[in-house]
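No lab work stands behind these numbers, since they all come straight from the coordinates. None of the values given here were measured: they were computed from a predicted structure. In this analysis, Cβ positions are derived from the backbone assuming ideal geometry, glycine residues included, and neighbour counts consider all displayed protein chains.
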Amino acid sequence: DSVTALVFRNLDPLSDTDSKILRDYAEATGLHIYLQPKGPDSVHLLSPETSQLTYGLPDYALEVQFLPTDFTQVNTVINQTMIAQALSLLQVDKSHEVLELFCGLGNFTLPLAQQAKRVTGVEGEASLVQRACDNARKNGIDNTQYHVADLSEDTAQQPWRQRIYDRILLDPPRSGAEEMVKHLGTLGAERIVYVSCHPGSLARDAGVLVNELGYTLAAAGVMDMFPHTAHVESMALFIRAK
């Protein structure tokens with residue numbers, strides 16, 4: 001929250017003069033400057049000598065660490081409001097097993113773990129799963145477990161698919177959760193909260209939950225995550241009768 005990082009894509013190695021200009025600029029502005037000469041794995045810090053990027057979730061006394069190329073929510077204030085709303089809709093308590101799909105580096109997982117018996121997070125990017133594990137450990141949270149899985153593919157044989165859950169939260173990319181959503185009915189959850197950055201894919205997947213799996217759309221709303229743009233973040237609650 002207190003640091004701004006810039007990643008410069010440099011196709012050619014920087015000259016000593018260019019490197020000095022960037023270092024001087026970083027020192028003058030307080031910016032943390034990274035270079036990316038090749039793919040995402042090549043990103044490295046130029047200045048200052050050390051950097052640790054974090055954002056806080058003060059309502060839960062949590063600090064989440066991330067790398068400059070990791071996916072994070074762009075609007076800190078709305079992110080905190082979004083987490084609080086999701087937890088309120090889920091109505092989690094200490095008896096609940098919770099499944100979070102597309103969990104990323106633990107943005108929802110860590111607050112959920114403070115209220116649940118156990119939270120199982122599933123994410124397609126191994127690097128984000130490692131970050132989620134590290135964030136849980138650094139925040140003293142020991143009731144989470146994580147799995148790497150491509151949720152756009154068949155996950156029927158995955159160990160986390162063999163269990164029953166009380167609550168499910170999913171926060172997929174813009175393409176939605178077309179492959180995964182049709183299997184949610186087998187996982188037992190009474191309440192599902194779906195967070196979406198694309199209303200079209202949310203509407204498509206909501207149709208499956210309501211018309212095929214027997215859930216009721218109980219609440220829905222939008223958040224202005226991206227001010228001054230045409231994009232919104234959406235959230236919907238689905239409930240299945242006991």
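Are there GluC sites (Glu not before Pro) in the stretch 1-105 that DSSP puts in a loop and that have at most 16 other Cβ atoms within 10 Å, and which ones? Passing sites in the stretch 1-105 are E49. Bridging of K138 to lysines at a Cα separation below 27 Å is possible for K94, K117, once same-chain residues fewer than 8 apart are set aside. Among Q130, Q114, Q91, the largest mean-square fluctuation in a Gaussian network model of the chain, built with springs joining Cα atoms closer than 10 Å, belongs to Q91. Computed over the chain, the per-residue total of -39500 (n - 2.57) for DSSP H runs of n ≥ 4 gives a 222 nm mean residue ellipticity of -8000 deg cm²/dmol, rounded to 500. Spread over its residues, the convex hull of the C-alpha atoms of the stretch 1-141 is 109 Å³ per residue.
Can you tell me the orientation of helix 76-90 relative to the chain, as the angle in degrees between its alpha-carbon axis and the longest Cα principal axis, to the nearest 10? Its long axis makes an angle of about 20 degrees. Distance from the Cα centroid of the stretch 32-69 to that of the stretch 123-194 is 24 Å (rounded to whole angstrom). Annotation: amide H of A219 within the under-5 Å range of L237, sequence separation 5 or more or interchain, hydrogens built in the peptide plane. Across 5 Å bins from the origin, how do the percents of Cα pairs in the stretch 54-239 run, short distances first? So the P(r) values, bin by bin, are 1, 8, 18, 22, 23, 17, 8, 2, 0. Taking amide H atoms as placed 1.01 Å from N in the peptide plane, the amide H of H198 lies under 5 Å from those of S234, each 5 or more residues away in sequence or on another chain.
Debye-formula intensities of the stretch 5-51, expressed as log10 I(q)/I(0) at q = 0.13, 0.18, 0.20 Å⁻¹, are -0.25, -0.49, -0.60 (one equal scatterer per alpha-carbon, no solvent). Listed values for the stretch 43-48 are Karplus-derived 3J(HN,Hα) couplings in whole Hz (6.51 cos²θ - 1.76 cosθ + 1.60, θ = phi - 60°), namely 4, 8, 7, 9, 7, x, and x replaces Gly and Pro.
Sequentially through the stretch 99-108, phi angles give Karplus couplings (6.51, -1.76, 1.60; θ = phi - 60°) of 10, 10, 9, 6, 7, x, 9, x, 4, 8 Hz, Gly and Pro residues having no value and appearing as x. Dipole magnitude for the chain: about 700 debye, using +1 per Lys or Arg Cβ and -1 per Asp or Glu Cβ, origin at the Cα centre.
3J(HN,Hα) along the stretch 7-21, derived from phi through the Karplus expression 6.51 cos²θ - 1.76 cosθ + 1.60 where θ = phi - 60°, amounts to 10, 9, 8, 10, 6, 10, x, 6, 6, 4, 5, 5, 4, 5, 4 Hz, with x in place of Gly and Pro.
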